[in-house]
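I have placed the structure first, in the form of structure tokens, so that the comments after it can refer back to it.
Derivation of every value follows stated rules applied to the coordinates shown; laboratory data play no part. Keep in mind the model is a prediction, meaning the values are calculated, not measured. A quick note on method: Cβ atoms are made from the backbone with ideal geometry, for glycine too, and the neighbour counts reach across all protein chains shown.
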Amino acid sequence: MQTVTPNLGENSYPIWVDAGLLNSIGELLIPQLNGRQICMVTDREVGGRYMAQVRQSLEHEGFNVVEVVIDGGEDNKTLETVNQILTVLLEARLDRSSALLALGGGVVGDMAGFAAAIYLRGIDVVQVPTTILAQADSSVGGKTGVNHPVGKNLIGAFHQPTAVVIDTDTLKTLPDREIRSGLAEVIKHGIIRDEVFFQQLETDIPQLLSGSLPDNDLVSMTAHNCRIKADVVSIDEKEKGLRAILNYGHTVGHAIEALTEYKRYRHGEAVLFGMQGAGRLGVRLGSWSKADEARQNQLIQQLLTVDPPTDLDADAIANRTRSDKKVRSGQLRFVLPKRIGEVEIVDKVKDSDIVDAWKSVFG
Ligand SMILES: NC(=O)c1ccc[n+]([C@@H]2O[C@H](COP(=O)([O-])OP(=O)(O)OC[C@H]3O[C@@H](n4cnc5c(N)ncnc54)[C@H](O)[C@@H]3O)[C@@H](O)[C@H]2O)c1
Ligand SMILES: [Zn+2]
């Protein structure tokens, strides 16, 4: 088992990573939680596969387990679903010493985390992520929340988990498209922070896709992802500065998602295209080399099984990135690569640069 501990002072928590960890989740949590009441939140898909295994381990250690099975999917990441979770907590009269356990992907994690942040003004939440995206990204960092008809992820709270339990065996049932799109965030971590990790991914990702990556290597990859995300987040817990580098590939990616109404691509797929766009922008503005761009894109190409967004209008993309950034910070900021392992935040990117870069990648 590998343990990663974000450097967050009294807000810190252990992230445990291993194959088969769901079988010992009860033992792991005993010293971590104040009470013995747990409400497990999951979606139908994940619940059907893993809920019984988790319940068994928890009950074996004397936990009293309440369950909420929600409808999964981004469309259900709403205040209504959070309210459904809160109703179960209230009816079961869970007190302040109880905890929520989020078993599932980022949708479940974000909602259970938010419910935990507001129930009785805040109770513990244990994140048990079961997608690559959630294991590499959303379960670490403490951002929780829901979508609103006016915009995605605008309602929420920062609420750090009490522990994160990652069983890499759960990835064995994850659909191929979810694996590929989740790996976008993994590649992103290599580009923004860690060249040696990126180099390891050049070996590990083809093996993972063909099903031949040894368990130990998957555990190491997963733990290292958490280390990178935790490292960035612990330097900048409330998203004031450095944390912005996690948006590499996301400015263009979000524009692609919005212009295709969040239906055509998985988030990670849009980010893969977004990293191609940001990479080209970097080359055109002279901040990174064609060789590094080629290396990045070589890995990205292995993950893409969907058609590129060649039908989207370059001006519309540029426009959309501007409004995205305005909402966020009131100023134009773009994460551009300098070399594999290092990015910079640039505020002088012009619309015409974005248009040119888009056209040269997506025609
Ligand atoms: N809080 C953060 O910092 C943060 C960061 C990035 C993304 N997010 C959020 O994460 C969400 C996306 O998360 P996601 O990509 O994990 O999607 P998801 O939670 O919708 O999961 C994808 C699908 O895979 C299924 N699934 C999950 N685990 C499985 C398993 N082990 N085996 C079989 N099927 C499984 C789910 O039921 C679902 O249908 C978005 O809402 C996004 O906003 C949050
Ligand atoms: Zn992302």
Open item on the list: Using the Karplus curve 6.51 cos²θ - 1.76 cosθ + 1.60 with θ = phi - 60°, what ³J(HN,Hα) values do you get for each residue of the stretch 194-209, in whole Hz, with x for Gly and Pro?
Closed with: 7, 5, 5, 5, 4, 4, 5, 5, 4, 8, 6, 5, x, 5, 4, 5
Open item on the list: Using Cα-Cα distances under 8 Å and only pairs 6 or more residues apart, what relative contact order does the chain have, in percent?
Closed with: 16 percent
TODO: Along each of the three principal axes of the Cα atoms of the stretch 40-147, give the extent in whole Å, ordering the values from largest to smallest.
DONE: 31, 29, 24
Open item on the list: Based on Cα coordinates alone, diagonalise the gyration tensor for the chain, multiply each eigenvalue by 5, take square roots, and list the semi-axes in whole Å, largest first.
Closed with: 35, 22, 18
- [ ] Taking all pairs of distinct Cα atoms, average 1/r, flip it, and tell me the Kirkwood hydrodynamic radius of the stretch 104-185 in Å to one decimal place.
- [x] 13.0 Å
Open item on the list: Taking θ = phi - 60°, what integer Hz values does the Karplus form 6.51 cos²θ - 1.76 cosθ + 1.60 yield along the stretch 106-113, in sequence order, with x for Gly and Pro?
Closed with: x, 5, 5, x, 5, 6, 5, x
- [ ] Return the Cα extents of the stretch 223-363 along principal axes one, two and three, sorted largest first, each rounded to a whole Å.
- [x] 40, 35, 33
- [ ] For Ile70, enumerate residues with amide H under 5 Å from its amide H, sequence gap 5+ or separate chain, H modeled in the peptide plane.
- [x] Thr42, Asp43, Arg44
TODO: Name the long-range amide H neighbours of Ala92: under 5 Å, sequence gap of 5 or more, or other chain; modelled H, no Pro or chain starts.
DONE: none
Open item on the list: Filter Lys152/Lys229; Lys152/Lys172; Lys263/Lys359; Lys188/Lys348; Lys229/Lys350; Lys188/Lys290 down to the pairs with a C-alpha to C-alpha distance above 27 Å, please.
Closed with: Lys152/Lys172; Lys229/Lys350
TODO: Could you tell me the convex hull volume per residue, in Å³, taken over the Cα atoms of the stretch 159-245?
DONE: 107 Å³
Task: Burial ordering of Ile245, Ile85, Ile30, fewest other beta-carbon atoms within 10 Å first - done: Ile30, Ile245, Ile85
- [ ] Normalise the Debye intensity by I(0) for the stretch 1-64, one equal point scatterer per Cα, no solvent, then take log10 at q = 0.25 Å⁻¹ and round to two decimals.
- [x] -1.17
Open item on the list: Classify the stretch 241-311 from the C-alpha gyration tensor, please: rounded if a/c falls under 1.5, else prolate or oblate depending on whether a/b exceeds b/c.
Closed with: oblate
TODO: Considering the options Gly104, Leu90, Ala134, tell which one lies farthest towards the positive end of the dipole of the stretch 25-139, charges being +1 on Lys and Arg and -1 on Asp and Glu at the Cβ, about the Cα centre.
DONE: Leu90
Open item on the list: When only alpha-carbon atoms are used, what values of Rg and Dmax, in angstrom, describe the stretch 177-226?
Closed with: 10.1, 27
